[in-house]
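The values are calculated or read from the model by the stated rules, or taken from the named source; none is laboratory data. None of the values given here were measured: they were computed from a predicted structure. Ligands, DNA and RNA are stripped out before the accessible areas are found, and what is left, the full protein with its side chains, is counted by its heavy atoms. Shrake-Rupley method; radii C 1.70, N 1.55, O 1.52, S 1.80 Å.
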Amino acid sequence: MAFLPFNRSLTGADQDNTPPFPFPPLGMVAGCLFVLSVTFSFAAIPYIGLAMAQGVWGGSAILVAWIWGVAVFGNTIHSPGLAAAAIILLTSGVIGIAFCQNIADYFSPYQEFKEKHAAPLRGSADEDEEAKSLAEKDYEQKSNTKKMEWLTGMGFAAAVGLAGGSTLVDLG
């Protein structure tokens, strides 16, 4: 972008009666925000998957754009009740997407079956306790890793929503 002022043929400044090519500052900001949102989207997908990431960043982008419009740029709300209902529904949808796996596990009949009919460990009582202890430590470590991956992915998806929603702001 720094080369544009020096390239007069590209900007049209060397032709008669042709105004120079305008580069609005908000356009530059929107371009930077777009690049950030694309970068964060590629970072979020490996951690939480495309479906969950897109659901979170789409909903959060709408909320961010609405907050920018109302709180910063003074857009008027014609129906506060409907606006509140819409925000509640949108937020509920984003939360539902974010916790969809937990909700599915909670309502899954397979989870109860798996817990009730898990294969018992074979061997002496000492071996069973040692194996059980190792299995619990391994499960806890994997669980902590999954939680960190989920939090990292959600953080990236929220960053996409913040940057992307900031480019959707209605200035009028």
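Please list THR76, THR39, THR167 from largest to smallest accessible area, probe radius 1.4 Å, with all protein chains kept in place.
Largest to smallest exposure gives the sequence THR76, THR39, THR167.
Compute the Cα gyration tensor for the range 49-92, then decide on rounded, prolate or oblate, letting a ≥ b ≥ c be the square roots of its eigenvalues: rounded whenever a/c is under 1.5, prolate when a/b is larger than b/c in the other cases, and oblate in all that remain.
oblate
Could you tell me which of rounded, prolate or oblate describes the range 25-71, using a ≥ b ≥ c as the square roots of the eigenvalues of the alpha-carbon gyration tensor, with rounded for a/c under 1.5 and, failing that, prolate when a/b is larger than b/c and oblate otherwise?
Oblate, because a/c is 1.5 or more while a/b does not exceed b/c.
With every protein chain in place, what's the accessible area of ILE88 (1.4 Å probe, Å², nearest 10)?
Estimated to the nearest 10 Å², ILE88 gives 110 Å².
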